[in-house]
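Here's the structure we're looking at; comments come further down.
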Amino acid sequence: MIETIDLTKAYRKVRAVDGLSFTAAPGRVTGFLGLNGSGKTTTLRMLLGLTRPTSGTALINGRPFTELRDPLREVGAVLEQGISHPGQSGRAHLAGQAMLAGAGRARVDALLEMVGLAGAAHHRTGDYSLGMRQRLAVATALLGEPRVLILDEPANGLDPEGIAWLRRLLRDHANAGGTVLISSHLLAELAQLVDDVVIIAKGQVRRATPLAELSGSDGVRLRVRGRDPVRLWHAFEAAGATVGGDGQALEVAGLSAEQAGEIAFGVGVPLYELSTDAPSLEQIFLELAAA
Ligand SMILES: Nc1ncnc2c1ncn2[C@@H]1O[C@H](COP(=O)(O)OP(=O)(O)OP(=O)(O)O)[C@@H](O)[C@H]1O
């Protein structure tokens, strides 16, 4: 379980995180989404005890990171690339980290297998592709068999096969009762991976919802053309809709197609066109994230 309560981080000129409250629940993969500079990394760093909050609380399994009894066994994180020495092999890197985490050799080999790096385990990490470095970072995060996983932009650099691998890995982790928080600045990148989304902008939560409920009916817009646009405009507004237009057609939010058709019929205006335009997930995200 991950929880932030009124979490705030102010730097001299910016409030990077501004009263942020959200939870990421066990058994779920939660996407933490925002545009560049919206405060994602700062939030994750506060959760991991790397940045001190100005105020508010960041909790992992009910405690601040600094009060966790055995942090490496409770939370694993992928924060940035370049954690390994480029001259070191992937295996040597992981074995070194394993000593810190109190994990044995068998675990190192099992993890290299699990992240698909067994064949490249003895190559220098300096020769790894971005995707391979991401896989090594995920293996490192999993060393202590933590229940909570925090991943900052892990899909970055992964090819479709890598994304499919990450999806399975995160799903298995959540299905086993683990908590996963994964950040990105692209909803499309996470749409196949996550159960829930927390969308932030300017350090504040704009929407926290199961992904399936993000594209609710409130985002649907109608495109309406009829013989008397002005009359239609007034009739739709009188019914509580928000109406815009481009001269050709009216753009109507807040009504279903059925309601709009009935209203047009009621005021005696023949319709030439009535279509619904459901925004894509990416459009909804951008609208929320840019607000
Ligand atoms: N150490 C710091 N000192 C001053 N300002 C900072 C510091 N760290 C972050 N910021 C500012 O806080 C804001 C949020 O940054 P943060 O890195 O958390 O965003 P982000 O959502 O992770 O962005 P990105 O996707 O680009 O990594 C930005 O305006 C950034 O410039």
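The values are calculated or read from the model by the stated rules, or taken from the named source; none is laboratory data. Keep in mind it's a predicted model, so treat the numbers as computed, not measured. Note that we place each Cβ from the backbone using ideal geometry, even for glycine, and neighbour counts take in every protein chain shown. Heavy atoms of the whole protein, side chains included, go into the accessibility calculation; ligands, DNA and RNA do not. Shrake-Rupley method; radii C 1.70, N 1.55, O 1.52, S 1.80 Å.
Worth a mention:
- Any hit, segment 71-82, residues being farther than 17 Å from I200 by Cβ and among the β-branched types (V, I, T): yes
- Flag if G178 is of a type in the set (G, A, S), closer than 26 Å to G49 by Cβ and not assigned by TED's automatic domain parsing to the domain that holds S256: yes
- Filter pass, L143 being within 27 Å of T179 (Cβ to Cβ), free of Cβ contacts under 8 Å to residues at least 40 places away in the same chain and open to solvent by less than 20 Å² (accessible area, probe 1.4 Å): no
- Any hit, segment 148-157, residues being away from the ligand (no atom under 16 Å from the Cβ), touching a residue at least 12 places away in the same chain (Cβ under 8 Å) and open to solvent by 30 Å² or more (accessible area, probe 1.4 Å): no
- When the test is whether a residue is within 16 Å of the ligand (Cβ to nearest atom), open to solvent by less than 10 Å² (accessible area, probe 1.4 Å), under 23 Å from I284 (Cβ atoms) and under 18 Å from the mean Cα position of the chain (by Cα), I182 passes it.
- A search for C-beta distances below 8 Å between a residue of segment 264-291 that is more than 26 Å from A238 (Cα to Cα) and any residue that is outside any loop (DSSP other than H, G, I, E, B) and open to solvent by 60 Å² or more (accessible area, probe 1.4 Å), counting only pairs 6+ apart in sequence or on different chains, returns L281/A188; E282/A188; L288/R206; L288/R207; A289/R206; A291/R206.
- Matching option when the condition is open to solvent by less than 40 Å² (accessible area, probe 1.4 Å), modelled with pLDDT under 85 and in the same structural domain as D127 (by TED's automatic domain parsing), among A103, A95: A103
- Across segment 187-202, the number of residues qualifying as within 16 Å of the ligand (Cβ to nearest atom) and of a type in the set (D, E) comes to 1.
Listed here are the residues, each with its yes/no results for (1) open to solvent by less than 40 Å² (accessible area, probe 1.4 Å); (2) over 28 Å from A188 (Cα atoms).
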residue: M1; (1), (2): no, no
residue: G19; (1), (2): yes, no
residue: G31; (1), (2): yes, no
residue: N36; (1), (2): no, no
residue: T43; (1), (2): yes, no
residue: M46; (1), (2): yes, no
residue: F65; (1), (2): no, yes
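- A count restricted to segment 233-284 and to residues that are buried (at least 17 other Cβ atoms within 10 Å of the Cβ) and of a type outside the set (A, V, I, L, M, F, W, C) stands at 1.
- Just one of the listed residues (D196, D228) is out of contact with any His (no Cβ under 8 Å at 6 or more places or on another chain), in the same structural domain as T43 (by TED's automatic domain parsing) and surrounded by 13 or more Cβ atoms within 10 Å (Cβ to Cβ), and it is D196.
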